[in-house]
2 protein chains.
Amino acid sequence: MDTIPIAEAAAELDVSVRTLRYYDAIGLVAAQRDGSGYRRYGDGELHRARAVLQWRAMGFTLEEIRLLESGDTSHRAAALRRRAQELRSELDRLGSALDSVNGMLEQLPETTQAGIQKEGEADMDNEYAEEAYERWGNTDAYKESARRTASYGETEWNSIRAETARIERAASDLLREGVSAEDEAAMDVAEDHRLSIDRWFYPCSYEMHTALATTYVSDPLFRQHYEDVAVGLADYLSAAITANALRMTQG
Amino acid sequence: MDTIPIAEAAAELDVSVRTLRYYDAIGLVAAQRDGSGYRRYGDGELHRARAVLQWRAMGFTLEEIRLLESGDTSHRAAALRRRAQELRSELDRLGSALDSVNGMLEQLPETTQAGIQKEGEADMDNEYAEEAYERWGNTDAYKESARRTASYGETEWNSIRAETARIERAASDLLREGVSAEDEAAMDVAEDHRLSIDRWFYPCSYEMHTALATTYVSDPLFRQHYEDVAVGLADYLSAAITANALRMTQG
DNA sequence: CTTGACCCTGACGCCACGTCAGCCTCTACC
DNA sequence: GGTAGAGGCTGACGTGGCGTCAGGGTCAAG
């Protein structure tokens, strides 16, 4: 047997010596002993310790780990699901805490670094718009979109919002009613969608439209936006857009 | 003076009686005493306690709070920034933990929970999810995203919504304050954004992230979404994401 | 035989309270 | 005046996952 002393094992596992002694004390990772009472770690012990550390990295307590290691698989699945739930609420809590901290930072009067906004904001818009242009201005869609939206005011944006909301409502109504995405009604909504983009932003071909549809399902934020409106709407709208493109270009 | 006994103060502040006694003992929130040694809380004490609880909600230790309450404003700003940094790394750690848990759950052979869900809705989801898969399933991002989101329920989507809202707020706050998109704070938010996608949807490399940023500025609906949150946010976030990717891959 | 590196056990400290145990005070009712 | 019950008080111990001594044993090198 090629066993190693505790310091080497600790280095190998990237934990402290104290930690290994503690695990030994509570019987979580038992160590062998040599003639003079020194702990010795072999492959088995290291393997077991690594498993323990893996559970620990998931945030389980040592007591929970003891149960996990002795229990059966169904028990594990349940524990994992519970733990995932706990982690999520923990993430929520920390996220809110970070919000509060950021809120506090703003309120502090002496965080007055940089800009006096009045002029700042307008310049800022231009600044980043220009940056964006330099980086991605070569795509025609962006150029045209930027050109048109430049002249839009509050009234126009309100119209756009209202129209978008209307289209999304129409689509989610169809989805809820169980109408197939290949149904004419669904494809009509998709066509409305395309025309809306065409009107407000840039010439939207069927090819461009299906490319957008790809984004709707593959980009998480899009999915989320549509998920907020109705469950499964992103997939539904994508399917309708594709069906519509097929109908228009081939049928 | 209209003072109230400890139980009422505890109810008012939504903490335990023990907590108030502890705060009294360590001199953090000192209580008045009546003739027979009972603690009494007036407006001043309640106000002070609320301030303490606010700091506590941000994750400061009681010792730190003692310093914050006695220190000057510049000290506070520094402490808040440090705390924000700590919270971010804490969020990272928990996010990784959640990743590991989810990874474990998948590996388990008997994850046979599947659908007992009302059939109708589930079938609908599956139907269009499968269609989407056939059309765009070749992209890894979509595959991974679909696989993960399949198991998400209301709680998960709520978490995602909360996290996304938090990040967007953080970004728009910075934009409003006039912080440059190349500033560390802005890049930190961009990194948060990337990690959020990484956690909830699919492995998001810096390259993938910059590709997403392109979409944010060039796609009208994205622009509109961000325009609703804050004027110029799409461009700002894109710039921050690009800067962050540069920092991480080159710096 | 000394030196210094490593090992051992046992004990206390930490943080923000929860949870007794044992006793005191006030109000309401008899 | 007695008594019951609600609420108050202090002091002490427990929690988890170790870090950090204190006091001592073991081992290889010089």
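Here are a few things to note about the model shown:
- Of everything in the range B:52-64 that is in a helix (DSSP H, G or I) and near DNA strand C (Cβ under 9 Å from one of its atoms), the residue that is farthest from the other protein chains (Cβ to nearest Cβ) is B:Glu63.
- Residue check for B:Asp72: more than 9 Å from DNA strand C (Cβ to nearest atom) and out of contact with any strand residue (DSSP E or B) (no Cβ under 9 Å at 6 or more places or on another chain): yes
- A count restricted to the range B:1-44 and to residues that are under 33 Å from the mean Cα position of the chain (by Cα) and of a type in the set (D, E, K, R) stands at 7.
- The set of residues in the range A:36-60 that are near DNA strand D (Cβ under 10 Å from one of its atoms) and touching a residue at least 40 places away in the same chain (Cβ under 8 Å) contains only A:Leu53.
- For the range B:1-35, a residue qualifies if it is within 8 Å of DNA strand D (Cβ to nearest atom) and not aliphatic (A, V, I, L, M), and the qualifying residues are B:Pro5, B:Glu8, B:Arg18, B:Arg21, B:Asp24, B:Arg33.
- Test: residue in the range B:73-86 that is within 16 Å of DNA strand D (Cβ to nearest atom) and part of a helix (DSSP H, G or I): no
- Test: residue in the range A:2-13 that is of a type in the set (A, V, I, L, M) and under 30 Å from B:Arg199 (Cβ atoms): yes
- The criterion of at least 2 residues that are among the acidic types (Asp, Glu) and at pLDDT 70 or above is met, among helices (runs of 4 or more DSSP H) falling completely within the range A:113-213, by A:154-177, A:184-200.
- Sole exception among (1) at the interface with chain B (Cβ under 7 Å from one of its Cβ atoms); (2) within 13 Å of DNA strand C (Cβ to nearest atom); (3) among the charged types (D, E, K, R) for A:Glu8, by number: (1)
- Taking residues in the range A:157-173 that are more than 16 Å from A:Ala234 (Cβ to Cβ), and partners anywhere that are polar (S, T, N, Q), the pairs with Cβ atoms closer than 6 Å and at least 6 places apart or on different chains are A:Glu163/A:Ser196.
- Counted residues, the range B:11-51 - those being closer than 21 Å to B:Glu63 by Cα, among the hydrophobic types (A, V, I, L, M, F, W, C), within 14 Å of DNA strand C (Cβ to nearest atom) and more than 14 Å from every other protein chain (Cβ to nearest Cβ): 9
- For the range B:174-184, a residue qualifies if it is touching a residue at least 24 places away in the same chain (Cβ under 8 Å) and within 8 Å of chain A (Cβ to nearest Cβ), and the qualifying residues are B:Leu175, B:Arg176, B:Ala181.
- Positions within the range A:189-214 being in contact with a Ser or Thr (Cβ under 6 Å, 6 or more places away or on another chain) and closer than 22 Å to A:Trp157 by Cβ, in sequence order: A:Phe201, A:Tyr202
- Here A:Leu67 meets each of (1) within 14 Å of chain B (Cβ to nearest Cβ); (2) loosely packed, with under 15 Cβ neighbours inside 10 Å; (3) away from DNA strand C (no atom under 16 Å from the Cβ) with one exception, condition (1).
- Any hit, the range B:43-53, residues being in contact with a Phe, Trp or Tyr (Cβ under 9 Å, 6 or more places away or on another chain) and of a type in the set (Gly, Ala, Ser): yes
The values are calculated or read from the model by the stated rules, or taken from the named source; none is laboratory data. It should be emphasised that the depicted structure is a prediction, and the values quoted were computed from it without experimental measurement. Reconstructed Cβ throughout: ideal geometry from the backbone, glycine too, with neighbour counts over all protein chains shown.
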